[in-house]
Amino acid sequence: MKSTRNLSRGDGRRLGNASLIAFMLASLVLLSVIRTRLSPMEKTGDAIKAEERHGMIKGSVKMEVAHQDQDVVLTPDSTAEEEEEEEAPPKPADTSTGGGVSVRVPVSTSTTPVPVAVIDRQGKPVCYESGRRSDTCEAAGDVRVQGRSQTIQVRPLDREWKVKPYCRKQDAYALSHVKEWTLRPLSGGGPHCTVNSSATAFVLSTGGFTGNLFHDYTDVLVPAFITAHRFGGEVQFLVSSFKSWWTNRYLEIFQQLSRHEVIDIDNDDEVRCYGGVVVGPTFHKELGVDASKTPTGASMVDFRAMLRGAFGLSRAAAEPSGDRWDIRRRPRLLIISRKNSRAFLNERAMADMAMSLGYDVRVGEPDTNTEVSRFARLVNSADVMVGVHGAGLTNMLFLPAGAVLIQVIPYGGLEWLARGTFEEPSKDMQLHYIGYKIQLDETTLSEQYPKDHPVLTDPLSIHKQGWEALKTVYLEKQNVRPHLGRLKLTFLEALKLLPHGRQAKANN
């Protein structure tokens with residue numbers, strides 16, 4: 001009994017020690033868990049929120065730092081080389097820090113596509129890549145615009161943003177003629193409002209390559225329509241790098257989009273106050289509108305309808321007149337004439353041949369002094385328009401739906417250029433398209449260079465020398481003399497695409 005009693009007491013002491021050790025271990029584990037959970041929270045949630053903000057800002061863009069003291073510039077995911085393949089800039093593409101949206105933020109290694117910024121219910125601004133060639137900032141709230149300093153103060157706004165409001169953000173040469181605008185937080189009372197408006201302010205630039213008909217539309221006017229159409233006229237254009245002759249030239253278009261005065265904002269001494277602002281138009285594609293990306297579903301059809309209203313164009317579709325004695329029962333062919341380069345050397349013979357096919361022929365030579373509305377009415381009267389690749393073909397915008405565009409493509413492997421600038425846009429304009437490719441015996445280059453010269457035998461080698469070399473040789477030094485036999489077949493093909501041709505065939 002004594003040994004049994006002693007064993008029980010020993011077991012009790014051992015059980016007590018085990019319980020004490022277990023309790024101490026459990027306490028240590030519990031303290032470790034509590035410390036682990038509480039430690040990050042003791043640093044507050046600010047660090048976590050800051051990290052999330054950086055991720056939102058940087059997730060879908062690449063950052064490039066050009067110089068130590070320069071801002072970090074937001075650039076699209078596509079490379080400059082890819083951009084050059086898609087379009088033909090009048091100067092080589094450049095990804096320098098000369099423009100675009102810029103903001104000083106740490107570089108993120110995130111690869112998850114997320115928005116650059118968001119706009120919340122308090123009207124915080126959004127600066128984002130609105131297209132492959134455009135950056136746009138939008139803000140709502142207390143907006144105060146000071147034009148002479150290219151500054152917009154906004155409340156609420158938590159940081160500073162910069163943007164050049166022109167749709168060639170990767171072209172350093174174009175952006176060197178575009179002023180940079182700054183959005184910054186409005187603190188305190190801010191500058192006193194001298195002009196108040198219920199409209200939305202829209203800042204855009206007419207610097208860059210304006211003055212060239214193609215760039216007037218693809219860089220400024222079409223993007224302006226994309227951006228302003230949703231406001232239903234309640235938008236005010238604040239034009240930076242203002243050119244009075246240019247604005248007056250297209251005033252009817254601005255008046256179709258806005259009920260308010262166009263402002264030369266760089267020379268404006270007012271403090272203009274609005275409830276919202278858009279800085280920088282949105283680019284979709286060359287001479288085009290992507291209806292799936294517009295808030296109202298507006299398309300190139302709507303843009304062309306707007307042009308008809310602006311310039312008083314009567315023909316929405318290419319149809320013959322119902323009057324049997326009217327000359328308009330004959331299809332009209334318009335030849336876009338050029339004088340300095342890429343000129344038709346047998347223009348008169350082309351016209352005579354077309355008239356022999358039954359066309360009513362007109363010849364037009366637009367330039368910067370041509371009244372837009374007058375020339376637009378001439379183009380709108382045409383059923384077929386033919387011209388060598390160049391800015392003059394931009395007048396296709398005024399052709400009625402169902403008309404035919406014939407683009408004469410200069411010698412030198414320029415099909416890619418012709419395709420991106422006028423062939424592809426013609427589809428959204430509801431136009432028929434025919435390309436006429438100049439052969440070696442139809443170009444004056446064959447008279448300027450030996451038969452075995454690379455300009456004639458290997459155009460791609462000239463392309464590889466860069467845009468300037470390509471432009472100089474194939475766009476500036478070349479005139480053309482189309483074979484009348486080949487061209488006749490093209491004119492007959494165009495005639496078959498028109499209602500006039502189909503009616504004539506039915507009558508026969």
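The values are calculated or read from the model by the stated rules, or taken from the named source; none is laboratory data. Given the structure is predicted, the values throughout are model-derived calculations rather than measurements. Backbone-built Cβ (ideal geometry, glycine too); neighbour counts: all protein chains shown. The accessibility values were calculated without ligands, DNA or RNA, using every heavy atom of the protein model including side chains. Shrake-Rupley method; radii C 1.70, N 1.55, O 1.52, S 1.80 Å.
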With r as the distance between the Cβ atoms of Asp266 and Lys437 and R0 = 45 Å, compute the FRET efficiency 1/(1 + (r/R0)^6) and round to 0.05.
0.50
For segment 332-497, build the charge dipole from Cβ charges (+1 Lys, Arg; -1 Asp, Glu) around the Cα centre, then report which of Ala382, His463, Gly412 sits farthest towards its positive end.
Ala382
How high is the relative contact order of segment 227-373, in percent, counting Cα pairs under 8 Å that sit 6 or more residues apart?
19
Cα-based Rg / Dmax (Å) for segment 332-497:
15.7, 47
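Nearest 20 debye, what's the magnitude of the dipole of segment 126-311 about its Cα centre given +1 on Lys and Arg Cβ and -1 on Asp and Glu Cβ?
The dipole of segment 126-311 has a size of about 240 debye.
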Considering only protein heavy atoms, what is the solvent-accessible area of Leu399 at a probe of 1.4 Å, reported in Å² to the nearest 10?
0
Where a ≥ b ≥ c are root eigenvalues of the Cα gyration tensor, a/c under 1.5 meaning rounded, otherwise prolate if a/b exceeds b/c and oblate otherwise, segment 288-416 counts as oblate
Peptides 195-202, 157-164 ordered by average Cβ neighbours within 10 Å, highest first:
157-164, 195-202
Trypsin sites (Lys or Arg not before Pro) within segment 420-454: which are DSSP loop residues with at most 16 other Cβ atoms inside 10 Å?
Lys451
Taking 7 Å along the Cα-to-C-beta vector as the label spot, tell me the Arg374-Thr457 distance in nanometres, rounded to one decimal.
5.0
Violations at 31 Å Cα threshold for listed pairs Lys285/Lys477; Lys285/Lys471; Lys169/Lys293; Lys179/Lys437; Lys427/Lys451; Lys293/Lys496 -> Lys179/Lys437; Lys427/Lys451; Lys293/Lys496
Coil-residue trypsin sites (Lys or Arg not before Pro) of segment 332-407, DSSP, other Cβ within 10 Å capped at 15
Lys339
Please list 441-448, 171-178, 364-371 highest first by mean number of surrounding beta-carbon atoms within 10 Å per residue.
171-178, 441-448, 364-371
When Lys and Arg each count +1 and Asp and Glu each count -1, what net charge do the other residues less than 13 Å away from Ala228, Cβ to Cβ, add up to?
-1
What dipole magnitude, in Debye to the nearest 20, does segment 332-497 give about its Cα centre under +1 on Lys/Arg Cβ and -1 on Asp/Glu Cβ?
180
Relative contact order for segment 126-311, counting Cα pairs under 8 Å that sit 6 or more residues apart, in percent:
30
Compute the distance from the alpha-carbon center of segment 356-412 to that of segment 244-283, in whole Å.
30
Need the full-extension length gain, Ser244 to Asp290, defined as separation in residues times 0.36 nm minus the C-alpha distance. One decimal, nm.
13.5 nm
